[in-house]
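The values are calculated or read from the model by the stated rules, or taken from the named source; none is laboratory data. From a predicted model like this one, the values you see are computed outputs, not experimental measurements. Ideal geometry is used to build each Cβ from the backbone, glycine not excepted, and the neighbour counts take in all protein chains shown. The area values use the complete protein model at the heavy-atom level, side chains included, leaving out ligands, DNA and RNA. Shrake-Rupley method; radii C 1.70, N 1.55, O 1.52, S 1.80 Å.
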Amino acid sequence: MKKHPMAGDIVIATFLVLLELLSLFEMPGGVEAWVFWLVGAAMLGPLVIRRRDPLLSAYLILLAGFAQLLTHGAPGVGTDARVRLADFALGIALYTLVTYVGRKQAALYALWLALGIAAWATWRIGYPDAVLPTLVIVVIFALCWVLGEFMGARKAYHLEVERRLALLETERDQQARLAVGEERARIARELHDVVAHAVSVIVVHADGAAYAVRTQPELAERAINTISATGREALTELRRLLGVLRSDGDESELVPQPSTQSLAELAERVRTIGVPVRLDLTGDLDDLPAGVGLGIYRIVQEALTNTIKHAGTGASAEVRVARIGDRVELDISDRGSGKALANVVGGNGLIGMRERANVFGGTLQAGPEPTGGWRVHAVLPVSTA
């Protein structure tokens, strides 16, 4: 029934229709049979869609109830004080609004019901015959409201429990990923030390072999053999290091890493998106170490990405990369509106740019400009890289 709520509503409506058949022999006076059944069908039919469209169903039933007030019986004292089974559709509609829509809409609906009850009691029944039936109807509707409050609270409780379970599962997965990441980082540091030691051994033996190659060839040969064996061990450990650092399911293709020579292509791609970019490259940037060149490219790429996301319409950017002696200075600024740039401060993009600068012993500052826009300034030393 939970997966197919309309099926349950059809069962409820059918059950009330079957019970209403018992009224066939006791129809109220002054009403034709076809009117009696037409109004009854109009009151019970909308129950089928009461959970799919509660408001529409409730007000269709209410309109049918007012039609019943106008068509069933002649005005006068003591006409017919009976409550039809179809009238329970009004209570079911009130219960549905309290449970699935909210108190505000349910209270408005209850007000309409109160007006209908008052009209029925004064116009159809009359005082004092209407006192007892009115009290019975009010009690029934009050019970429907209370039951709706209970079911609504229960429904809200289950939804909250489901949300909390989903949140706990998410937090558990995040904690697991963090634990895996920390363990991988620890293993990577250990393997880094092993590789660094192996490279140091290779350098020492290579220097020794260079000195002994003419005077002591046997010693040079042993040093070269040591270099070969140590190099193989270093390659094995390096493969392990890359395997640890590689994310699960990471099957990225082996492509050349970008460098400062790729900045022009990056700027052109950003221009095609609709953000004008002015690129100014100064100094000898072609012979930079591969790591420094990749770091420069990634910082510029992230800064331009932030410009595209946060600078707003009509923004433009200026990228200046200059090699001055043993350092490279980057200056990326935009002329955006600056309304949404505050969101960048807490994002991962700025953290990533700082980390790339710190890897090479550099510095990075980022923040809004006094005249508007955003500026990223980084300095990367080349000699220590």
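Peptide packing: for 355-362, 375-382, the average count of neighbouring Cβ atoms within 10 Å per residue gives the ranking 375-382, 355-362, highest mean first.
Working ranking of peptides 264-274, 50-60, 163-173 by packing, defined as the average number of other Cβ atoms within 10 Å per residue, highest first, is 50-60, 264-274, 163-173. Remark: accessible surface ordering of 95, 100, 127 (largest first) is 127, 100, 95, probe radius 1.4 Å. Within the assembled protein chains, the solvent-accessible surface assigned to residue 280 is about 60 Å², based on a 1.4 Å probe. Nonpolar atom fraction for segment 268-311, defined as the carbon and sulfur part of the 1.4 Å probe accessible area, stands at 49 percent.
Accessible area of residue 232 (1.4 Å probe, protein heavy atoms only, ligands and nucleic acids ignored): about 150 Å². Given a Förster radius of 41 Å and the C-beta distance between residue 228 and residue 278 as r, what FRET efficiency does 1/(1 + (r/R0)^6) yield to the nearest 0.05? My answer for the efficiency is 0.20.
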